[in-house]
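Report on the structure given below.
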Amino acid sequence: QVQLVESGGGVVQPGGSLRLSCEASGFTLSNYGMHWVRQVPGKGLEWVALIRYDGNNKYYADSVKGRFTISRDNSKNTLYLQMNSLRVEDTAVYYCANLTYWGQGTLVTVSA
Amino acid sequence: QSVLTQPPSASGTPGQRVTISCSGSSSNIGSNFVYWYQQLPGTAPKLLIYRSNQRPSGVPDRFSGSKSGTSASLAISGLRSEDEADYYCAAWDASLSGWVFGGGTKLTVL
């Protein structure tokens, strides 16, 4: 059974950092392109970042480029999103997904 | 303002057929596959259609996808109350080198 479980969300002040994790089970994460997608509560979906299956190519939305870094640890079958220089507008539920399977999301709140 | 344009709302009565449109450009829908997602309140998105017109196993054949040029559509036939949800289209955008989503369509079953 495929499962993606995110963790690491929480409350952080503007300018702060957080690292989100997404542990996969039931499939090998490195065989797939993996994404982070976020959603402000009550609003639409916004794609954040993609790491291709080979790990060599990473892509970011303009809104997070230079501040967020996507990575993965194949030995732990886990995807990460390092978020630096956080802004109030980064407040959202963050989902990891391979576009077929999605995690349940983890809430990040950036607030003073 | 989303790169892919969807109507903010749609509605239908039980048993009816409804369609939701998704308009893009040559750099996204025009040259790449379209994906459709259903999001029920308080839950993660669920894949309904991939590669523009393919259904994952377990998705009822009441749901179908199509693409023509720079636009795509999701059709739901035999509308049911449990279809009431938000629906999103998505595609890779070669100009942006990233994925783009539509703004979402809230489907109401009257």
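Please treat every number below as a calculation from the coordinates, not as lab data. Not measured: the values here are computed from a predicted model. Cβ sites come from the backbone with ideal geometry, for glycine too, and all protein chains shown count toward neighbours.
Summary of values
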item	result
Cα radius of gyration and Dmax for the protein assembly as shown (Å)	17.3, 51
Percent of alpha-carbon pairs separated by more than 20 Å within chain B	34
Dipole magnitude of the protein assembly as shown, debye to nearest 20 (Cβ charges: Lys/Arg +1, Asp/Glu -1, about Cα centre)	200
About the Cα centre, charge dipole magnitude for the range A:32-112 (Lys/Arg +1, Asp/Glu -1 at Cβ), debye	80
Once exposed loop trypsin sites (Lys or Arg not before Pro) are cut out (DSSP; at most 14 other Cβ, 10 Å), longest piece of chain B	B:18-50
Proximal lysines to A:Lys58, defined as alpha-carbon separation beneath 25 angstrom and excluding residues fewer than eight positions away on the same chain	A:Lys76, B:Lys46
Coarse-grained scattering of the range A:1-41 at q = 0.19, 0.21, 0.24 Å⁻¹, given as base-10 log I(q)/I(0) from a Debye sum over alpha-carbon atoms	-0.72, -0.83, -0.97
Straight-distance crosslink candidates among aspartates and glutamates, where the alpha carbon sits under 20 Å from B:Lys106 and sequence neighbours closer than 8 are dropped	A:Glu46, B:Glu82, B:Asp83, B:Glu84, B:Asp86
Of A:Leu79, A:Val5, A:Gly44, farthest towards positive along the dipole that unit charges on Lys, Arg, Asp, Glu beta carbons give chain A	A:Leu79
Net charge contributed by nearby residues that have their C-beta within less than 15 Å of A:Ala92 (K/R +1, D/E -1)	0
Rg(Cα) / (2.2 N^0.38 Å) computed for chain A, rounded to two decimals	0.99
Descending principal axes extents, the range A:61-112, alpha-carbon based, whole Å	35, 22, 19
